[in-house]
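Asker: Take a look at the following structure, please.
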Amino acid sequence: MPSDENSKMARLFRSLSSEVRMEIIRLLLASEKPIHIKGIARSLKLDYAAAYRHIEDLREVGLVDIYEVGRSRVPYVKRKAEVAMLLDAANKLL
């Protein structure tokens, strides 16, 4: 029987298996300024709803969080250093 920890890790890796979500993470990590969801959607040529769904998936697994500025929703990567190390480790495995 799988452990709760294994289930959580599997969910995290399923979330990262999307190329769009990986691009969102990379975009947020590379940006020095906050990017609101509309900006992410525009940058990735997605509609707002699709971008929001991807960001919400990343939020559910604990990789990003969202804060509000007026009517804008601004996602940010939680634990940036660890997420960057995870991506770097994955890149080295390739």
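No value in this document is a laboratory result; all are computed from the given coordinates. Being a predicted model, the structure only gives us computed values, none of them experimental. All Cβ positions, even for glycine, are placed from backbone atoms using ideal geometry, and neighbour counts span all protein chains on display.
Asker: Could you list all residues from the range 1-27 that are in contact (Cβ under 8 Å) with a residue 60 or more places away in the chain and of a type in the set (D, E, K, R)?
Answerer: Across the range 1-27, the qualifying residue is only Arg26.
Asker: Could you check the range 1-78 for helices (runs of 4 or more DSSP H) lying wholly inside it with 2 or more residues that are loosely packed, with under 14 Cβ neighbours inside 10 Å and not basic (Lys, Arg)? Don't jump to the end; show me each part of the working.
Answerer: Details: elements: 4-16, 19-30, 37-44, 48-60.
Where helices (runs of 4 or more DSSP H) fall fully within the range 1-78 and carry at least 2 residues being loosely packed, with under 14 Cβ neighbours inside 10 Å and not basic (Lys, Arg), they are 4-16, 19-30, 48-60.
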